1. List the helices (runs of 4 or more DSSP H) inside region 171-271, counting only whole elements, that have at least 3 residues being under 28 Å from residue 521 (Cβ atoms).
2. Looking at region 33-51, which of its residues are open to solvent by 80 Å² or more (accessible area, probe 1.4 Å), in a loop (DSSP other than H, G, I, E, B) and touching a residue at least 60 places away in the same chain (Cβ under 8 Å)?
3. What single numbered condition from (1) crowded, with 17+ Cβ neighbours inside 10 Å; (2) of a type in the set (A, V, I, L, M); (3) under 26 Å from the mean Cα position of the chain (by Cα) fails to hold for residue 71?
4. Can you pull out every residue in region 476-495 that is part of a helix (DSSP H, G or I), within 24 Å of residue 102 (Cβ to Cβ) and open to solvent by less than 20 Å² (accessible area, probe 1.4 Å)?
5. For region 278-317, what are the residues that are among the polar types (S, T, N, Q) and outside any helix (DSSP H, G or I)?
6. Hey, can you tell me all the residues within region 301-333 that are aromatic (Phe, Trp, Tyr) and open to solvent by less than 10 Å² (accessible area, probe 1.4 Å)?
7. Considering only residues of region 253-293 that are closer than 17 Å to residue 329 by Cβ and acidic (Asp, Glu), which is most open to solvent (accessible area, probe 1.4 Å)?
8. How many of the residues making up region 2-18 are open to solvent by 60 Å² or more (accessible area, probe 1.4 Å) and in a loop (DSSP other than H, G, I, E, B)?
Amino acid sequence: MADDIPNIEELSTIVHSPPKTPWMDTPTVIRKGMFCHPANPKSLDYLSMPYGRKWAPMEEDWKLPENWVEIISDGLRDRLTRFRSLRIFMDCCVRCGACADKCHFFIGTGDPKNMPVLRAELLRSVYRKDYTLAGKLLGRMVGARPLTYDVLKEWWYYFFQCSECRRCSVYCPYGIDTAEITIIGRELLNLIGLNIDWIATPAANCFRTGNHLGIQPHAFKDMIDFFCDEIEDVTGVRVNPSFNRKGAEILFVTPSGDVFADPGTYTAMGYLILFHYLESQGLDITWSTYASEGGNFGLFTSHEMMKRLNAKMYAESKRLGTKWILGGECGHMWRVIHQYMDTMNGPADHLELPKSPITGTVFQNAASTKMVHITEFTADLLRHNKLKIDKSRNDHQILSFHDSCNPSRGMGLLEEPREVIKGVCNHFFEMPEKTIREHTFCCGSGSGLNAGENMELRLRGGLPRANAFKHVHETHGVNTLATVCAIDRAALPTALDYWVPGMRVTGVHELVANALILDGENERTTDLRGEPLAGMEEEE
């Protein structure tokens, strides 16, 4: 962790009192540790995005194109025409404040411009100036203001301090989805080259090699082969996954974070063990080294980028001739699939309605997308008693579950992950009610904010989640937080290590694989991480 991160006492001192000046008169101070690096111009060029250049957020001159006001105005007019929801969201907010204290970034920073209502007002005030009669006539008296250089900088700073988690939308009496406003705000900024690199470069890498890290297909396979070696060391059983196999019944797509970064790698090993276990029961599945990224960085960029990245999984399923797609534990992949796929690239008519080859269950909820979440698949296996399980192998872990924002609020996936965890673990405790399920708190690093240079922002944003976890840690001895999102698995270890040191973060299918009894396996003495199972400590 960077040395210039404030200590825990400093970060815990949060002032939620409003400033003395009205919000329009309160200048935005762009502060180190609270923003991400600008996009690499090469990445923008690769994506055919305009105005790629080198610029610095803390410098006065952002090197904008001369007609940047015209570009933004035209872009906003276009989107107000195309997206009816945007015009409704601009008009119907009554500023009741129901959303104000629901944002993890406002809770963690105390900055009023991180209240969802005020973050939306950054855009709404400009809309009001140009698109409402009252705004044109009365201006500031009705909350209208012109688009200036300072306003533009304010947009960039705060639209990239929103993780699009949509917790605020749960509490809005009008159903305003502030994440959609952030998406539009970022789209407008992209029109003049104001993206961040943790979004633009992963998106470019997805185009080039199929995954956000830019890993070549042979390296992707090498990493999976390494997992196979590790699995054999722990279990004594050799698993043999297939890659790019035409004619397989199912294509498996997972976030590449599971393949290249701990602790997600143990989740990937969990997938491999489960698929090996099911082969003898008729599972016919293949991985792709080309569609090797489930995550969709387009969700953080623009609707057009989201559509382009979503298409690659379906193009690969068509190329291989698979019947349906099984998706891994990912966050934004599932919001895109569940909420946008149908109107972007769907329906996926070249695929068949997913049917489990093991249980015969037909997943009617996937009738259009033809894509099933792996916890739906595994929960169905457990319901039909298709898995031999030894729960005690997870007894060294006392668990709670973090509902990832996109699968929970975006997809409604609430019960299946819990069903799987309880099916393979003996010790499970829920965090407080208002912090789970659709009320869940964000990890603080979603929507492309999982960089290193904005660590203070991430830790502040992760405080509400960590605080809820700390509660069950202190009351029930919980030492492990399970989640079904690769970003969570990358972000939460850092946040928890800061706020609740010594805790573990895991994927759900790492737990499944620990508990699964394989034919011909050795006596297990460790989990997939090589840590001793309960009762095996002395043998290690």
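The values are calculated or read from the model by the stated rules, or taken from the named source; none is laboratory data. Being a predicted model, the structure only gives us computed values, none of them experimental. Quick reminder, even Gly has a Cβ in these numbers, built from the backbone with ideal geometry, and neighbours come from all protein chains shown. Accessible surface areas use protein heavy atoms only, side chains included; no ligands, DNA or RNA. Shrake-Rupley method; radii C 1.70, N 1.55, O 1.52, S 1.80 Å.
1. 217-235, 257-260
2. Step one: list which residues in region 33-51 are open to solvent by 80 Å² or more (accessible area, probe 1.4 Å), which gives 37, 42, 45-46, 48, 51.
This time we only want the ones that are in a loop (DSSP other than H, G, I, E, B), so: 37, 48, 51.
Within region 33-51, 37, 51 qualify.
3. All conditions pass for residue 71, except number (3).
4. Those that are part of a helix (DSSP H, G or I), within 24 Å of residue 102 (Cβ to Cβ) and open to solvent by less than 20 Å² (accessible area, probe 1.4 Å): 488, 491, 492, 495.
5. First pass over region 278-317, keeping only residues among the polar types (S, T, N, Q): 280-281, 286, 288-289, 292, 296, 301-302, 310, 317.
Within region 278-317, 280, 281, 286, 288, 289, 292, 296, 301, 302 meet the criteria.
6. Step one: of region 301-333, the residues aromatic (Phe, Trp, Tyr) are 314, 324.
Matches in region 301-333: 324 only.
7. Here the answer is 262.
8. Residues meeting the conditions: 8.
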